[in-house]
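My structure is below; once you've seen it, I'll send some questions.
The values are calculated or read from the model by the stated rules, or taken from the named source; none is laboratory data. Since the model is a prediction, treat every value here as computed from it, not as a measurement. With ideal geometry, Cβ positions are generated from the backbone for all residues, glycine too; neighbour counts draw on all protein chains shown. Note: areas computed on protein heavy atoms with side chains; ligands, DNA, RNA excluded. Shrake-Rupley method; radii C 1.70, N 1.55, O 1.52, S 1.80 Å.
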Amino acid sequence: MKLGYLAFKNMVSKPLNLLLSLLLLTLSVALVTFVLQLSGQLGGQLNKNIAPFDMVVGAKGSPLQLVLSSVLHVDVPTGNIKLKEIATLQNHPFVEEAIPVSYGDNYKGYRILGTKPDYLDSYEASLGDGRLYQKSFEVVVGSSARSKLNLQLGDTFISSHGLVESAGEGHEDHPFEVVGILEPTGTVVDQLLISNLESVWEAHDHEGEGHEEHDQEGEHGHGEHEDHDGHDHHGEHENHQEDETREITSLLIKFKSPLGMVQLPRFINENTTMQAALPGFEINRLMGLLGAGASTINGIALAILLVSGLSIFISLLKTIRERRQELALLRTYGLRPQELLGLALMEGLFLACIGFVLGWTLGRIGVWGASQYMQAAYGYVLQVRGPEPTELYFMAIILALAFVASILASLSIFKLNVAKTLSDV
Amino acid sequence: MIETTNLAYTYNGSEALVFPDISLTPGKHLLVVGPSGAGKTTLLYMMAGLLPPEKGSIAISGTELNSLTRKELYKLRGEHVGLIFQQYHFIHSLNVSDNLRLRQSFPTNSNDKRRREELAKRLGLTEYLHKKTNTLSQGQQQRLSIALGLIHRPKLILADEPTSNLDDVNCVKVVNLLKEEAEICESSLVIITHDLRVMSHFQNQIKL
């Protein structure tokens, strides 16, 4: 018989002790792995989403809101900006690429984004099926949106006003037609329905007349009006060039030179009615806030971990005292004190391993659950991944903790008086 | 085979216990009798190498215990000594069969199922092999304790009151079993007892 078998039998012979120690260990491992995964994946996904663009230009307001709405597509826009205002930016020597985006409608909660095909290239999104949109009201569909909405090539749908699903007014005159389906990119593109800029404009042109109807975000667009140069100014250009009255939600910019990062945001913020926001900076700020929450939870998990180490220690200490006679018996079988120590160590380490595996599994179930929620609420998907290097380090820490707890609890083995212990009744 | 010479042991604050020399060739038996406190169990533990004697020496199968390293002593004890305790000691997390298996596996790592079944049968434990040790009756526990002392065919069998909880029928069975095992395995058998039923079965006796 192997000592391991005996250690295992010893471990399960006290189910309540086992349960308590395991519960604590499982809980702390689950918390730590869950938070690590959540912050890691969220951060990773955010960074992947903002990676293609260095700067966003939009209506004045909160820069974080601008980034969230225009790059990550989770918040409402700060307002609209005029095409003519961005003309100079598009040709600026520091700018490598400037992609206008415009939106304001949704289909069953999935945003319809009007933009140029360059947008898809920025995220390296390729068509899995069908073709790119060529005229207004043709739309290509991101992979997650497609599967959630169950859209096929050739399907048509009516968009509705605003960014969230509602029973409100729809644009019945202008059904969108699905002409292409995108391959999964693991970015925000997967959640979008993408069409050309004109689709967004035309959908709203026909709703009525007058400038107010260009307000593409319904009640959220009020800030925009205050930022306008004024209606008089507006009117002068209306007849000359249609483009100049057109509005977009924001302009996504990739710099050619790092100098752009230094000069352009300041220039825009000080000299125009628009604002420039740097996605990298804003997301770092956001992650800093989230990071504080994550550290708090990690702190709690760490405390639970220490308690679980203590519980392993106490339960082993108790068991070793209770089993003094059994240990003495094993000594008469010819076992050395080191082997008895090994027995106690194995018991502690078994517990640690089982606790880790259970906790890790629970953590992953948590990630899966969070993913369900986040997909429904924000369209963000978390992946349930295999073990990661940081988690293996964490496992090493737990094993070390169990090791120390077991050794400390087992020291009395070396002081065991075999003859006396066996004679005690 | 066991030989002791000039053994003595002193417990704190009491008179020294002095033991008569013992010399047993393989297959021979010895009954140790004496009143409580005469040092019967102390003698047993010294012979098992569990308690170093204060004076004198012990040799098992010609090996002087004093000359052994600790590791060698543990090995000798595991391999050649079979202890039958007055107070029963088992591993409670294991069932009867696994307790026997555990004793077999140190230090020689054998796993002789036939031996376990045969011994269990002779001690009337067959139907209890898969029971937990704490569900056994006193008598059954004593018989299991005896099985644990014999299972690995030791060269020296040391039994401390092996029949105290047995009825007359089982007492005779156990005495015969101990004698048979000692004969088959050519073991030296030392029994400590004050059981009159046992005394009549053994000629070779010493009194402490």
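So how many residues does region A:1-43 have that are small (Gly, Ala, Ser), closer than 22 Å to A:LEU345 by Cβ and either under 20 Å from the mean Cα position of the chain (by Cα) or more than 11 Å from every other protein chain (Cβ to nearest Cβ) (or both)? First the steps, then the outcome.
Let us first name the residues in region A:1-43 that are small (Gly, Ala, Ser), namely A:4, A:7, A:13, A:21, A:28, A:30, A:39-40, A:43.
Retained after the next criterion (residues that are closer than 22 Å to A:LEU345 by Cβ): A:4, A:7, A:13, A:21, A:28.
Of the ones still in play, those that are also either under 20 Å from the mean Cα position of the chain (by Cα) or more than 11 Å from every other protein chain (Cβ to nearest Cβ) (or both) are A:4, A:21, A:28.
Qualifying residue count for the region: 3.
So, in region A:393-416, how many residues would count as being more than 26 Å from A:LEU306 (Cβ to Cβ) and either free of Cβ contacts under 8 Å to residues at least 60 places away in the same chain or touching a strand residue (DSSP E or B) at 6+ places or on another chain (Cβ under 6 Å) (or both)?
1
Oh, and also: Please indicate, with yes or no, whether at least one residue in region A:189-200 is open to solvent by 20 Å² or more (accessible area, probe 1.4 Å), over 30 Å from A:GLY44 (Cα atoms) and free of Cβ contacts under 8 Å to residues at least 24 places away in the same chain.
no
Same structure again: Report, by residue number, each residue of region B:24-50 that is part of a loop (DSSP other than H, G, I, E, B) and of a type in the set (D, E, K, R).
Of the residues in region B:24-50, the ones part of a loop (DSSP other than H, G, I, E, B) are B:25-28, B:34-39, B:48-50.
The answer is B:LYS28, and nothing else.
Being buried (at least 19 other Cβ atoms within 10 Å of the Cβ), outside the structural domain of A:ASN269 (by TED's automatic domain parsing) and of a type outside the set (Ser, Thr, Tyr) is true for just one of A:LEU72, A:LEU38. Which residue is that?
Numbers: A:LEU72 fails: outside the structural domain of A:ASN269 (by TED's automatic domain parsing).
After ruling out the rest, the residue left standing is A:LEU38.
For the list (1) in contact (Cβ under 8 Å) with a residue 40 or more places away in the chain; (2) β-branched (Val, Ile, Thr); (3) assigned to a helix (DSSP H, G or I), I need the number of the one condition that A:VAL381 fails.
All conditions pass for A:VAL381, except number (3).
I would also like to ask the following. Of everything in region A:410-425, what is within 14 Å of chain B (Cβ to nearest Cβ) and among the hydroxyl-bearing types (Ser, Thr, Tyr)? Give them in sequence order.
Those that are within 14 Å of chain B (Cβ to nearest Cβ) and among the hydroxyl-bearing types (Ser, Thr, Tyr): A:THR421, A:SER423.
Taking only pairs six or more apart or across chains, which ones have beta-carbon atoms under 6 Å, a first residue in region A:258-277 that is under 18 Å from A:THR78 (Cβ atoms) and free of Cβ contacts under 8 Å to residues at least 60 places away in the same chain, and a second residue that is aliphatic (A, V, I, L, M) and surrounded by 15 or more Cβ atoms within 10 Å (Cβ to Cβ)?
Short answer, once both residue conditions are applied: A:ASN269/A:ALA276.
Please enumerate the residues belonging to region A:313-336 that are more than 9 Å from chain B (Cβ to nearest Cβ) and out of contact with any Gly (no Cβ under 8 Å at 6 or more places or on another chain).
Filtering region A:313-336 for residues more than 9 Å from chain B (Cβ to nearest Cβ) gives A:313-322, A:324, A:327.
Within region A:313-336, A:PHE313, A:ILE314, A:SER315, A:LEU317, A:LYS318, A:THR319, A:ILE320, A:ARG321, A:GLU322, A:ARG324, A:LEU327 meet the criteria.
Next question, about the same structure. Just checking: which of the helices (runs of 4 or more DSSP H) contained wholly in region B:64-172 hold 3 or more residues that are away from chain A (no Cβ under 12 Å), surrounded by 21 or more Cβ atoms within 10 Å (Cβ to Cβ) and of a type outside the set (S, T, N, Q)?
On the way: elements: B:70-80, B:96-104, B:113-122, B:138-150.
Once the helices (runs of 4 or more DSSP H) in region B:64-172 are filtered for at least 3 residues that are away from chain A (no Cβ under 12 Å), surrounded by 21 or more Cβ atoms within 10 Å (Cβ to Cβ) and of a type outside the set (S, T, N, Q), what remains is B:138-150.
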